[in-house]
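Shown next, in structure tokens, is the structure this report addresses.
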Amino acid sequence: MQKKLGFTLAATVIASAILCAPLHAVELSGDVTFTSDYAFRGISQTEEAAALQGGLSLADESGFYLSVWGSNVDFLAEGTLELDVMLGWSGAINDDWSTDVGIMRYGYPNAEIDGSNFWELYGSLSYKDLTFGLAYSDDYYANSGNFFYLYANYSYAISDAISLDLHVGQNEYDDSSASYMDWSVGLSTEVLGAGVSLSYVDTDIDGSYLADSRVIFAISKSF
């Protein structure tokens, strides 16, 4: 009970700070993505099938934002849609450092799995093209209890047009036997105003085809 109260209090503080922020000019932005597989933290959410994804974000000039994001999913016929909501703040600390903090609700409107909807607190700190991040849920997907996700991302410009994108993440559950690591290596570029990427994604999970290594192609457009 104390853990849940602490999580609720932290979420309330973040949401209150966002909602009580002074009003500034608000900008609406969005994106749409087609990907050959929706891999979340290394695990396919679509039975290794393609996904169409999109998001909208309202942000003011102070850095506060409200975002929604959706994707088709396939959880063995027990859910076909993911719809997430985020409240957060992002901004520059100085010329080299920036940060992003907030609260996120993962929602699966037509899923029948008990505990499929859950909340996370998240935060990241970036130095130029290197990012370290942490996410925490006090009751992760399917009522699996406390969960921490620690990750690092690095983007290296191979040329003016192509970037090498590296990622590694550690998924820590209450049940340590369920904990695992995920990682990816990818190339990204821009073609005719659209983002294009090709990534190799893998985990150290044994015996699950949804967590096996794979190559994922994605194309996205921001507006």
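The values are calculated or read from the model by the stated rules, or taken from the named source; none is laboratory data. All of these numbers come straight from a predicted model, not from anything done at the bench. Ideal geometry is used to build each Cβ from the backbone, glycine not excepted, and the neighbour counts take in all protein chains shown. Side chains included, ligands, DNA and RNA excluded: accessible areas come from the protein's heavy atoms. Shrake-Rupley method; radii C 1.70, N 1.55, O 1.52, S 1.80 Å.
Overview of values
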quantity: Residue range of the chain that is longest and free of GluC sites (Glu not before Pro) which are both DSSP loop and sparsely packed (at most 11 other C-beta within 10 Å); calculated: 113-223
quantity: Where labels lie 7 Å past Cα in the beta-carbon direction, separation of Ser208 and Ile113 in nm; calculated: 0.9 nm
quantity: Å² per residue, accessible surface of the chain at 1.4 Å; calculated: 56 Å²
quantity: Percent carbon-and-sulfur accessible area, region 121-223, ignoring ligands, DNA and RNA, probe 1.4 Å; calculated: 62 percent
quantity: Packing rank of 88-95, 150-157, where each peptide gets the mean count of other beta carbons within 10 Å, highest leading; calculated: 150-157, 88-95
quantity: Computed helical MRE - 222 nm, the chain, DSSP H runs ≥ 4 contributing -39500 (n - 2.57), nearest 500; calculated: -2500 deg cm²/dmol
quantity: Diffusion constant of the chain at 4 °C, which comes from Stokes-Einstein with the Kirkwood Cα-pair radius and 1.567 mPa s, µm²/s; calculated: 69 µm²/s
quantity: Most fluctuating residue given options Gly195, Gly102, Gly207, as computed from a GNM of the chain linking Cα atoms under 10 Å; calculated: Gly207
quantity: Unit charges on C-beta of K, R, D, E only; dipole of the chain, Debye; calculated: 460 debye
quantity: Chain lengthening between Ser90 and Leu56 when straightened (0.36 nm per residue, less Cα-Cα); calculated: 10.7 nm
quantity: Accessible area of Met104 in the full protein assembly, 1.4 Å probe (Å², nearest 10); calculated: 20 Å²
